[in-house]
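Notes to accompany the following structure.
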Amino acid sequence: MDFKVRLKRAVTWPLAFLIIIWLVFILEQMTGSQWFIYGIAPRKTFALRGILTTPFLHGSWAHLLSNTPPFLVLMAMILFFYPRVAFSALIMIYLGTGVTMWLFADPENIMGSFNRANYHIGASGVVYGMASFLAFTGFFRRNIRAIAISLVIVFYYGGMIWGVLPIQEGVSWEGHLLGALVGIFAAYWYRKRIEQAEERQVPSYELEQDEEQYFLPRDTFNRDQQ
């Protein structure tokens, strides 16, 4: 895929998603609505809708601002460096994170009346999925380009590992952990879909040479010839 096309997709798609996320949050704040009810309430049938809507919902400005930069950067990197698998991998991460959260996350008060504490909201699960996809793709593909990208992700976002531990109250660490696991699975699933830039370039000396360039046939002195 042409460089300009990849760059355009890597810029426009993340920005489009972020614009929607920000508009949803601003509209919620302006109207005084409580849209957390559209998040994921684990194993509650009515909350299946949260699989699609959760990444667009945030509980505070701090929550939104903390997710914005990594969402933009990580999604752009996937679209730019892995164009052959980008959309299918992102869909897998998006839906897979939501489904696993609905199945396995633990609500704080599942037997009581539902309030904000019972819902998982935010794009951080998807962010963790994208980060782990980029970090582990190099491990599974084992080519220099993919490994270099993985090392960059580990260097800049390695601190995110603490987010998968239940050490901060009010943070959906299950969403982080499950998103990361889905990202690893996606990296493994698409490990054989090699990008054009990752394909081995055949050295010129390995290419077939035209026999007319040689004075004698190339197998003239082959001992196996009778």
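Here, each number is a calculation from the coordinates, and none is a lab measurement. All of these numbers come straight from a predicted model, not from anything done at the bench. Every residue, glycine among them, receives a Cβ derived from its backbone with ideal geometry; neighbour counts consider all protein chains shown.
Quick one: what are the phi-derived ³J(HN,Hα) couplings along the stretch 184-191, Karplus 6.51/-1.76/1.60 with θ = phi - 60°, whole Hz, x for glycine and proline?
5, 4, 4, 4, 5, 4, 9, 5
Quick one: length gained pulling residue 196 to residue 139 fully straight, 0.36 nm per residue minus the C-alpha distance? Display every interim value, and only then the final one.
On the way: separation 57, 0.36 × 57 = 20.52 nm, distance 1.81 nm.
Answer, rounded to one decimal: 18.7 nm.
Can you work out the FRET efficiency for the pair residue 88 and residue 169, with r the C-beta to C-beta distance and R0 = 41 Å, to the nearest 0.05? Mind dumping the intermediate values first?
On the way: r = 36 Å, r/R0 = 0.88.
After rounding to 0.05, the efficiency reads 0.70.
Report ³J(HN,Hα) in whole Hz for each residue of the stretch 55-69, in order, from the Karplus equation J = 6.51 cos²θ - 1.76 cosθ + 1.60 where θ = phi - 60°; Gly and Pro get x.
These are the phi-based 3J(HN,Hα) values: x, 8, 10, 9, x, 7, 4, 4, 4, 5, 5, 6, 8, 4, x Hz.
Among 63, 58, which comes first, then next, by fewest other beta-carbon atoms within 10 Å? Kindly include the intermediate steps, with their values, before the conclusion.
Details: 63 18, 58 26.
Placing the least packed residue first, the sequence is 63, 58.
Using R₀ = 25 Å, calculate the FRET efficiency as 1/(1 + (r/R₀)^6) where r is the Cβ-Cβ separation of residue 44 and residue 66; round to 0.05. Show your work: numbers first, answer last.
Numbers: r = 27 Å, r/R0 = 1.06.
So, using R0 = 25 Å, E works out to roughly 0.40.
Label residue 155 and residue 31 with points 7 Å out from Cα along Cα→Cβ: what is the distance between them in nm?
Going by the 7 Å Cα→Cβ label model, 4.5 nm.
What is the order of 2, 106, fewest Cβ neighbours within 10 Å to most? Could you put the intermediate results ahead of the total?
Details: 2 8, 106 11.
The most exposed by this proxy come first: 2, 106.
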